[in-house]
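One structure below.
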Amino acid sequence: MARREVPKVLVVDDAATHRRIAGELLARQGYRVVEACDGLQGISHAFWEMPDLIICDVHMPELSGYQVCRFLKHSEQTRAIPIILMTASELSRQDRFWGLRSGADRYVAKELARDRLPEEVAKLLSQAAGSGRDGARGEAAPRSTRDQSSIHRDVGFLFDKLLFETTIASEARRLASHVHDEEQCLAELAALAGDLTDFRCLGVHLDGPESSTLHLFVHRPLSAAQLACVGETVGQQARKPVGAEPGSIMIRPPPHELLGEGLTEHGFAAHCVFPLRIGAASVGSISLYFEQSGDLSARLREHLGLLAQEFAPVARLLLLYQENKRLSVSDGLTRLYNVRYLRERVVEAHATYQRHERIFSLLILDVDHFKRVNDRHGHGAGDEVLQSVAALFRAGLRREDVPARYGGDELVALLPETAAAGAVALGERLRQQVRKLVVPAGREQLRVTASIGVAEVWPGCADGWSVLGRADAALYEAKHAGRNAVRVFHSER
């Protein structure tokens, strides 16, 4: 094949004087110069001439140099051609930023062209030849057979695509304003995804250091098998099993509204999963499930991938906000709630009782002879015992219950919608579990027991904290009864 003896440089500038100056400067260096008087003609010449290098003015009517550069770097045929952007204005940080972000290889101010342009052109042509690109002194690149109208269509398509992608990115980032309200943030994400496509089910998995939660947004009822399919699909991307802990799958609308009785579908016609990554770290995933395989096109997959990419930092902020919130209301040793948070929730429960007569109970647990554990085995062993008991305590409660460390070795649980009889039954289960607990302490195996007091809110109760006072009195009675016992406060005493 014929070889190009003289490198060809395309100069794109709407000012004839600037084109002439650049052309003369390049011609003296031995380059062949082709000129274009605006951005659209520059794009056409780039495809028609297939130059070794392009020099393009930034500020031009209709299409700017940034747009020309972005378009050519997007096309498979022209993306390898080096591009130098030039401007007659003073080179600002913003100019350099947009120039390099649009794909330009160099940015040169026109007032410095006589000194810098030949040097930059020579460097880029040398780099292009050394990297194996079509270009300087390589085989002559074939001219494109594309006509002006097809280039016009491609320009319009690219700018529409960039506008669409920018809109998706902007909408996804806007969700960061709702990181303080997880439910609203994820609901708006689901609405945004719903604007892009008609999905059967959307899963948003948030995988934090302390919790792993799958949020499901369902447009049409699912079968139990389909629900299991979603959990399994998401679990393949997760660091820990999905749905292993109570309350780790949140479904909207509630399950009784979405699980269709009699549905026998076992899967979905199509689905896709996009990891939420910050660098190499995963913070979860977004998954969508469809009724028809044709619903998931390549273009939609690209848009959903962009949505996931832009939402990943928002997901990270959600997890950080939740973790900071958790730390602000948690006890550092046991990871149960602290007294301040317990007090707030007890006040709320009492107010609900006064307005709607919704009862609640309080349960207080105290590790028997805990001081003896610290004295004999050290405070490290005591901490191990307390952490183990707290883990049992938390695992034995419902999602709506509020477990807290009251102080020292005393743990408290607020039990909404629970009468004294139910609280006593829970207390008995906890007492037996603690009695069976074995905690390693060096070469020894420590065993402990617990005493538990229970009290229920009553008519005329002045405040919620008074209920805890009665539960504490019942605990005192359990201690005097020989410990390792459960007692309930009786008002007739």
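What the phi angles of region 22-39 give under the Karplus curve with 6.51, -1.76 and 1.60, with θ = phi - 60°, is a coupling list of 5, x, 5, 4, 6, 4, 5, 8, x, 8, 8, 10, 10, 10, 9, 9, 7, x Hz, glycine and proline written as x. The H on the amide N of Y289, modeled in the peptide plane, is under 5 Å from the matching H of R200, C201, each at least 5 residues off or on a different chain.
For the chain, the antiparallel share of DSSP beta bridges with both residues in that region comes to about 65%. Among rounded, prolate and oblate, which fits region 299-426 when a ≥ b ≥ c are the square roots of the eigenvalues of its C-alpha gyration tensor, a/c under 1.5 means rounded, and a/b larger than b/c means prolate? Oblate, because a/c is 1.5 or more while a/b does not exceed b/c.
Residues whose amide H comes within less than 5 Å of that of I249, counting only those at least five positions distant or on another chain, are L214 (H built at 1.01 Å from N in the peptide plane). Between A16 and T167, the contour length at 0.36 nm per residue exceeds the alpha carbon distance by 50.7 nm. With the cut-off at under 20 Å, measuring from each backbone N in region 436-452 to a point 7 Å along the Cα-to-Cβ line of H379 picks out 441-442. The long axis of helix 379-395 is offset from the longest Cα principal axis of the chain by roughly 80 degrees. Residues in region 43-60 carry Karplus couplings, in order, of 4, 4, 5, 4, 6, 6, 8, 6, x, 7, 7, 10, 10, 10, 5, 7, 9, 9 Hz; the curve used is 6.51 cos²θ - 1.76 cosθ + 1.60 with θ = phi - 60°, and Gly or Pro positions show x. Short-range pairs are left out: with C-alpha atoms under 8 Å and at least six residues apart, the relative contact order of region 339-488 is 31 percent. Each of C201, C37 has some number of other Cβ atoms within 10 Å of its Cβ, and from fewest to most they run C37, C201.
Write out the trypsin sites (Lys or Arg not before Pro) in region 14-108 meeting two conditions: DSSP loop, and at most 13 other Cβ atoms within 10 Å of their Cβ.
Values: sites: R19, R20, R28, R32, R70, K73, R79, R93, R96, R101, R106; in loops: R79.
Taking region 14-108 and a limit of 13 other Cβ atoms within 10 Å, the loop trypsin sites (Lys or Arg not before Pro) found are R79.
Filter K110/K161; K371/K436; K8/K161; K73/K123; K436/K479 down to the pairs with a C-alpha to C-alpha distance above 26 Å, please.
Values: K110/K161 32 Å; K371/K436 20 Å; K8/K161 31 Å; K73/K123 19 Å; K436/K479 19 Å.
K110/K161; K8/K161, as the Cα separations exceed 26 Å there.
Across region 8-142, the mean sequence separation of Cα contacts (distance under 8 Å, 6 or more residues apart), normalised by length, yields a relative contact order of 22 percent. Exposure proxy for H356, H59: other Cβ atoms within 10 Å of each Cβ, ordered fewest to most, give H356, H59. Both radii come from the Cα set of the chain: Rg as radius of gyration, Rh as Kirkwood radius; their ratio Rg/Rh reads 1.21. Tell me whether region 339-488 comes out rounded, prolate or oblate; compute the Cα gyration tensor, take square roots of the eigenvalues as a ≥ b ≥ c, and use a/c under 1.5 as the rounded threshold. The shape class here is prolate. In this structure, the amide hydrogen of S330, modeled 1.01 Å from its nitrogen in the peptide plane, lies closer than 5 angstrom to those of N338, counting only residues at least 5 positions away or on a different chain. For region 8-142, rounded, prolate or oblate, judged on the Cα gyration tensor with a ≥ b ≥ c (square roots of eigenvalues), a/c < 1.5 rounded, else prolate if a/b > b/c? Rounded shape, in that the Cα axes give a/c under 1.5. Its relative contact order, with pairs defined as Cα atoms under 8 Å and 6+ residues apart, puts the chain at 9 percent. By how many degrees, 0 to 90 and rounded to 10, does the Cα axis of helix 339-356 deviate from the longest principal axis of the chain? Computed tilt is about 70 degrees. Couplings 3J(HN,Hα) for region 420-426, derived from phi with the Karplus relation 6.51 cos²θ - 1.76 cosθ + 1.60 (θ = phi - 60°), are 4, 4, x, 5, 5, 4, 5 Hz, where x marks Gly and Pro. The angle between the Cα long axis of helix 182-196 and the longest principal axis of the Cα atoms of the chain comes to about 40 degrees, rounded to the nearest 10.
Computed from the coordinates by the stated procedures, all read-outs in this text should not be read as laboratory data. Only a predicted model underlies this, so the values are computations on that prediction, with no experimental measurement involved. Note that we place each Cβ from the backbone using ideal geometry, even for glycine, and neighbour counts take in every protein chain shown.
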